[in-house]
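Q: Provided herewith is a single structure, encoded as structure tokens, for subsequent inquiry.
The values are calculated or read from the model by the stated rules, or taken from the named source; none is laboratory data. Because the structure is predicted, anything quoted here is derived from the model rather than measured. Neighbour counts run over all protein chains shown; Cβ positions are idealised from the backbone, glycine included. SASA here: full protein model, heavy atoms, side chains in, ligands and nucleic acids out. Shrake-Rupley method; radii C 1.70, N 1.55, O 1.52, S 1.80 Å.
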Amino acid sequence: MRTRADRLRDWAIGIWAALALIYLFIPIFVVALFSFNDNKGRFNFTWEGFTWRHWQHPFSVEGLGPALEKSLIIGLLATLIALVLGTGIALATVRHRFRARGVVEQLIFLPLATPEVVMGAALLGLFLTANFARGFVTILIAHVMFTLGYVVVTIRARLEGMDLHVEEAAMDLGANEWTTLRKVTLPLIAPGIAAAGLLAYAISIDDFVVTNFNAGQTTTFPLFIYGAARQGVPPEVNVLATALLLTVLALMILNVLLQRRLARRDAGARPTSAAPAPVPEVLTPGTAAAH
């Protein structure tokens, strides 16, 4: 029986969680709100009225459109490369046992624990030592490096929770390893791959520190915002940031709905417990003679 103290504890935990969420989302609310601000000068820090003007012309600021385009392209390419590499690494470290497995896992998790300043400076030193021109390619290499760990961690969690008997059943029915991977394993871990892709894409678009070290003359969306902040961030930046946020939220909700649909389909496809089959009567010589 629930006591009054239990109910008060539940209310306190709920209120605490709500306050924590409000604290996390206040900056996002401010960004979305000031995308509708009818500012009169260069600065967009004081509310002066409501307007749709900035949403009607989101690319009116010079250089904002190309910067966003570069961020979207780099994020897409980095995500695709990280998904291909990360899926293979996750399959290798979960499904196979080899001598250097522990070393590989530590090397994968190392970029997650390395501060971005250290990683950016190290990559800058590497590119300068190799006399490699900084720009689009160096940003792409850097983004693949620090998103790969997140992809591996996410897909590993999905693989470790998957039933191995499904793959074994496919092989018992005549499927080889490649067919089992393509028709059984990859469809089962597809929600994890989608979640890893969304996470990697969001991290890539958001990154500033590592990109700033290795960008050269290339300007991405975060770098444009940093440069514009010295003279006043235009409201169009808030518009595009809000649009990106809404797009990512829509993709996350779509991924969750897809996972729930697949879970319901899997639950409906499981065989229900049927009545036990009748045991055939074994006739002994005495009973056979009686019959």
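Q: If you count only protein heavy atoms with a 1.4 Å probe, what accessible area per residue comes out for the chain, rounded to a whole Å²? Walk me through the intermediate numbers first.
A: Working: 18960 Å² over 291 residues.
I get 65 Å² per residue for the chain.
Q: With mean projected area of the Cα convex hull in nm² defined as stated, name the option among (1) 19.4; (2) 29.5; (3) 27.7 computed from the structure displayed.
A: Evaluating mean projected area of the Cα convex hull in nm² on these atoms matches (2).
Q: Using modelled backbone amide H atoms (1.01 Å from N, in-plane), which distant-in-sequence or interchain residues come within less than 5 Å of ARG134's amide H?
A: Those lying under 5 Å, H to H, from ARG134: there are none.
Q: Could you state how much accessible area ASP206 has, in square angstrom rounded to the nearest 10, with a 1.4 Å probe and all protein chains kept in place?
A: Near enough 110 Å² of accessible area.
Q: Under a 1.4 angstrom probe, counting protein chains only, how are SER60, SER71 ranked by accessible area, largest first?
A: Numbers: SER60 75, SER71 5 Å².
Highest to lowest solvent-accessible surface, that is SER60, SER71.
Q: Further question: First measure r as the distance between the Cβ atoms of ALA250 and ALA190, then evaluate 1/(1 + (r/R0)^6) with R0 = 22 Å and state the FRET efficiency to the nearest 0.05. Please report the intermediate quantities before stating the final value.
A: Values: r = 18 Å, r/R0 = 0.84.
Calculated transfer efficiency: 0.75.
Q: Using 1/(1 + (r/R0)^6) with R0 = 41 angstrom and r between the beta carbons of PHE43 and LEU80, what's the FRET efficiency to the nearest 0.05?
A: Values: r = 39 Å, r/R0 = 0.94.
Computed FRET efficiency for PHE43 and LEU80: 0.60.
Q: Once phi is turned into ³J(HN,Hα) by the Karplus curve 6.51 cos²θ - 1.76 cosθ + 1.60 with θ = phi - 60°, what whole-Hz value does each residue of region 216-232 show in order, with x for glycine and proline?
A: Using θ = phi - 60°, the values come out as x, 8, 7, 10, 9, 4, x, 5, 5, 5, 5, x, 6, 5, 5, 10, x Hz.
Q: Do the sum for the chain: with -39,500 (n - 2.57) for every DSSP H run of n ≥ 4, divided by all residues, what is the mean residue ellipticity at 222 nm, to the nearest 500 deg cm²/dmol? Working shown, then result.
A: Working: 13 runs with 208 residues, N = 291.
Estimated from H runs of four or more residues: -23500 deg cm²/dmol.
Q: State the percentage of accessible surface on the chain attributable to carbon and sulfur atoms; use a 1.4 Å probe and exclude ligands, DNA and RNA.
A: After summing per-atom areas, the C and S share lands at 68 percent.
Q: Moving to a separate point now. Which value in nm describes the separation of the simple spin-label points at THR51 and LEU257, placed 7 Å from the Cα toward the beta carbon?
A: Label-label distance for THR51 and LEU257, simple model: 3.5 nm.
Q: Residue by residue through region 233-238, which ³J(HN,Hα) values in whole Hz follow from phi under the Karplus form 6.51 cos²θ - 1.76 cosθ + 1.60 (θ = phi - 60°), with glycine and proline marked x?
A: Ordered by residue, 3J(HN,Hα) equals 6, x, x, 4, 5, 4 Hz.
Q: How do ASP207, ASP38 stack up against each other in accessible area, from largest to smallest, with a 1.4 angstrom probe? Kindly include the intermediate steps, with their values, before the conclusion.
A: Details: ASP207 5, ASP38 35 Å².
Order by accessible area, largest first: ASP38, ASP207.
Q: Related question: Just how much of GLU48 is accessible, in Å², when a 1.4 Å probe is used and the result is rounded to the nearest 10?
A: Per-residue accessible area (GLU48): approximately 90 Å².
Q: Short version: ³J(HN,Hα) in whole Hz for each residue of region 110-122, in order, from phi by Karplus 6.51 cos²θ - 1.76 cosθ + 1.60 (θ = phi - 60°), x for Gly and Pro, what are they?
A: Here the 3J(HN,Hα) series is 4, x, 5, 8, 7, x, 5, 4, 5, 5, x, 5, 5 Hz.
Q: Here's a follow-up. Mind checking the dipole of region 105-231: about its Cα centre, +1 per Lys or Arg Cβ, -1 per Asp or Glu Cβ, Debye to the nearest 20?
A: Details: 6 positive and 10 negative charges, 121 e Å.
Using only the charged Cβ atoms, the result is roughly 580 debye.
Q: OK, next. Let me have the relative contact order for region 4-56, percent, based on Cα pairs under 8 Å that are six or more residues apart. Don't skip to the answer; put the middle values down first.
A: On the way: 29 pairs, mean separation 12.6, N = 53.
Relative CO of region 4-56 lands at 24 percent.
Q: Figure the gain on full extension for ASP6 and ASP163 (residue separation times 0.36 nm, minus the Cα-Cα span) and round it to one decimal in nm. Don't skip to the end; give the middle numbers.
A: Details: separation 157, 0.36 × 157 = 56.52 nm, distance 3.74 nm.
Gain in length upon complete extension: 52.8 nm.
Q: To the nearest 10 square angstrom, how much accessible area does TRP47 have with a 1.4 angstrom probe?
A: 110
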